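What follows is a short report on a single structure.
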Amino acid sequence: MPERILVCVAWPYANYLLHVGQAAGAYLPADIFARYHRLAGNDVLMVSGSDCHGTPITVSADNEGVSPRDIVDRYHPKIVETWERLGISFDLYTTTLTENHYATTQEVFLRLYEQGYLFEGTQDQLYDPEADRFLPDRYVEGTCPNCGFGEARGDQCDNCGKTLDAVELINPRSRLSGATPVLRESTHFLLKLSSFQEALRAWVGKQAHWRRNVANFTLGWLNEGLKDRAITRDIAWGVPVPIEGYESKRIYVWFDAVIGYLSATREWADRSGDPGAWKGWWEDPATRAYYFIGKDNIPFHTIIWPSMLLGYGGLNLPYDVPANQYVNFSAGQKQSKSKGTGTWVLELLDTYAADTVRFYLTSIMPETSDSEFREEELVRANNDVLIATWGNLANRVLAMIHRSFDGIVPATGTLAPESEAILAEASGAFERVGAEYAACHFRNALQESLRLAQAANRYLDERAPWKAVKIDREHAAQTLAIALDVVNALKTLLHPILPFSTAQLHAGLGLPGALDAAGWSFVRVPAGTRLDASRALYAKLELEAVAAS
Ligand SMILES: [Zn+2]
């Protein structure tokens, strides 16, 4: 019985190129997870889109003297290109500028309003007396009241990660004029988060499968006590507030962005020709929803969005929120937009194959603690692990079958004990590796797969078919046929991480049907199968070339 797995991925702001830290933190894990579940025969829907609202966009637009939409029109296509080239297999990647998204956001707003979870309140907001306008969060900088960091933004401190209200900042200053903002009263809608405190605590208490940092972070918020939170702002760019008298205000960006998961599912259903198809993904309690995000996004996905869903009623809460830590960059490798330091995904993909990038980023995925990106380590991982352990194994076995058996898979005869053993290991790997993928332990899934590749290399070295073929052809035939079975298993086991090269390998094996349709199970390559002409799966990289770039 296939399971239904909704894969929700953080919405990146459409005002910059994607950074490898984001790719390793949210998008690649989500894609690996989705690809695994598709192979395992489950129904998967993976959605996200560009977040086009909010002050990050308007700040960029103001800086350049263009409209927010100009910024979106420039960066959204670049983000889509990043997904295509990196192989991030969204079922729908949309934007928050669609009519459907506006309608869904306003519908959720009105439903929460009718249920009594939104209320009007006056708030003292920071106002720039020189620019003569209210200052949304990101237009204010100051000292973090939590950690003392001097350049905290009005919405969040990048140093300690705490989300802030701009009025909490110590020594605030306007990013528009540099002036010290003054407080001025403004009327807004607030989300009654406080009324979800106990329901959330009971819910979080049951999530034994959550990562410890996610659960602890969430409980920390709950222990502090949830504060009601303004969801409208004095800005002109965003989803209009569907209430009379609010024409000059907009819905706050975080409120509409999390609704994007729901509106994107509806858009996907509309596009599929079955507008009601979204319901199974949100209303069927058997559907499991996973949210792939970075750790700075945890409260929005374990507190605020669940509160909105509880208030709306009848929609599934997140099943898991496998938030990642951060990827840091080694000293001397600045995160530069213009210089080729390899920290922007598109830039990296100009130099390296997508599977090389995916392989390295998976190996440093910050699942339990921060990790470090080093371009020379990427090259080493490609040459010393990806190629040495896996690529060469596949290349060697295919080449020998071509050379000694005319490219036709030979029969094995009666199996030797070591042949039985490696087959059993390959067969058993599906359960072990599958369990790691399903638990969002992608580094373990990779290591567990590579262990099988190492075992296959040892098997090949011990039985030395390149020698045996001259004196005992049947011995060599068995070795190569069995090694090919293990290569075929690894093709599937590694496919979620290395989709491009494993698809190429699949085509080279001469098996019927697409790899995606082959399923998550150990399948032996039948004797007599004709292999296609083999070519190297991975290109060796020169470290000197990287150092010189
Ligand atoms: Zn701080």
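The values are calculated or read from the model by the stated rules, or taken from the named source; none is laboratory data. Since we're looking at a predicted model, the values are computed, not measured. Every residue, glycine as well, gets a Cβ built from its backbone with ideal geometry; the counts of neighbours run over all protein chains shown.
Kindly indicate whether any position in region 162-174 is surrounded by fewer than 16 Cβ atoms within 10 Å (Cβ to Cβ), at pLDDT 90 or above, within 16 Å of the ligand (Cβ to nearest atom) and among the β-branched types (Val, Ile, Thr). Yes.
Within region 62-90, the set of residues being in a helix (DSSP H, G or I), among the hydrophobic types (A, V, I, L, M, F, W, C) and either over 13 Å from LEU346 (Cβ atoms) or touching a helix residue (DSSP H, G or I) at 6+ places or on another chain (Cβ under 9 Å) (or both) comprises ILE71, VAL72, TRP83, LEU86. Any residue at all in region 193-215 that is modelled with pLDDT under 95 and buried (at least 16 other Cβ atoms within 10 Å of the Cβ)? Within region 193-215, one or more residues are modelled with pLDDT under 95 and buried (at least 16 other Cβ atoms within 10 Å of the Cβ).
Being over 30 Å from ARG69 (Cβ atoms) and over 25 Å from the mean Cα position of the chain (by Cα) is true of ARG201.
So, restricting to helices (runs of 4 or more DSSP H) that lie completely within region 458-549, which ones have at least 2 residues that are at pLDDT below 90? I'd like the intermediate steps shown before the answer.
Numbers: elements: 465-471, 473-494, 499-508, 543-548.
Here the list reads 499-508, 543-548.
Within region 158-172, the set of residues being in a strand (DSSP E or B), free of Cβ contacts under 8 Å to residues at least 40 places away in the same chain and of a type outside the set (Val, Ile, Thr) comprises ASN171 only.
Condition check ((1) buried (at least 22 other Cβ atoms within 10 Å of the Cβ); (2) over 26 Å from ARG212 (Cα atoms)) across all residues:
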{"position": "GLU347", "(1), (2)": "no, yes"}
{"position": "THR351", "(1), (2)": "no, yes"}
{"position": "LEU361", "(1), (2)": "yes, no"}
{"position": "ASN382", "(1), (2)": "yes, yes"}
{"position": "TRP390", "(1), (2)": "yes, yes"}
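Filtered by the rule that a residue be in a loop (DSSP other than H, G, I, E, B), free of Cβ contacts under 8 Å to residues at least 24 places away in the same chain and either near the ligand (Cβ under 9 Å from one of its atoms) or of a type in the set (Ser, Thr, Tyr) (or both), region 143-157 gives ASN146, CYS147, GLY148, PHE149, CYS157. Within region 135-152, being in contact with a Lys or Arg (Cβ under 7 Å, 6 or more places away or on another chain) and either at pLDDT below 90 or among the hydroxyl-bearing types (Ser, Thr, Tyr) (or both) holds for PRO136, ASP137, ARG138, TYR139. Condition check for LEU97 on (1) crowded, with 16+ Cβ neighbours inside 10 Å; (2) within 15 Å of the ligand (Cβ to nearest atom); (3) of a type in the set (A, V, I, L, M): one failure, at (2).
If you go through region 39-61 and keep only what is touching a Ser or Thr at 6+ places or on another chain (Cβ under 8 Å), under 30 Å from ALA514 (Cβ atoms) and not in a strand (DSSP E or B), you end up with just LEU39.
Screening region 121-142 for residues that are hydrophobic (A, V, I, L, M, F, W, C) and not in a strand (DSSP E or B) and picking the one that is farthest from the ligand (Cβ to nearest atom) gives ALA131. Scanning region 78-86 turns up no residue that is on the phi > 0 side of the Ramachandran plot and more than 16 Å from the ligand (Cβ to nearest atom).
Looking only at region 450-468, which residues are surrounded by fewer than 20 Cβ atoms within 10 Å (Cβ to Cβ) and either closer than 19 Å to PHE359 by Cα or acidic (Asp, Glu) (or both)? Those that are surrounded by fewer than 20 Cβ atoms within 10 Å (Cβ to Cβ) and either closer than 19 Å to PHE359 by Cα or acidic (Asp, Glu) (or both): LEU450, ARG451, GLN454, ASP461, GLU462.
Counting only residues that are among the small types (Gly, Ala, Ser) and part of a helix (DSSP H, G or I), region 353-388 holds 4 of them.
On the given criteria, is ARG432 part of a helix (DSSP H, G or I), of a type in the set (Lys, Arg) and at pLDDT below 95? Working first, answer last.
On the way: part of a helix (DSSP H, G or I): yes; of a type in the set (Lys, Arg): yes; at pLDDT below 95: no.
In short, no.
When PRO181 is tested against (1) surrounded by 20 or more Cβ atoms within 10 Å (Cβ to Cβ); (2) within 30 Å of LEU112 (Cβ to Cβ); (3) free of Cβ contacts under 8 Å to residues at least 60 places away in the same chain; (4) within 15 Å of the ligand (Cβ to nearest atom), exactly one condition is not met: (4).
In the set (1) among the polar types (S, T, N, Q); (2) outside any helix (DSSP H, G or I); (3) at pLDDT below 95, THR412 fails one condition alone, (3). The residues of region 435-457 that are on the phi < 0 side of the Ramachandran plot and either part of a loop (DSSP other than H, G, I, E, B) or in contact with a strand residue (DSSP E or B) (Cβ under 6 Å, 6 or more places away or on another chain) (or both), listed by number, are ALA439, HIS441. Taking LEU190 as the residue in question, decide whether it is away from the ligand (no atom under 16 Å from the Cβ), touching a residue at least 60 places away in the same chain (Cβ under 8 Å), farther than 30 Å from ALA61 by Cβ and surrounded by 18 or more Cβ atoms within 10 Å (Cβ to Cβ). In short, no.
Among the residues of region 177-211, what is the count of those that are part of a strand (DSSP E or B) and hydrophobic (A, V, I, L, M, F, W, C)?
We begin by selecting, within region 177-211, every residue part of a strand (DSSP E or B); these are 182-191.
Keeping just the survivors that are hydrophobic (A, V, I, L, M, F, W, C) gives 182-183, 189-191.
So the count comes out to 5.
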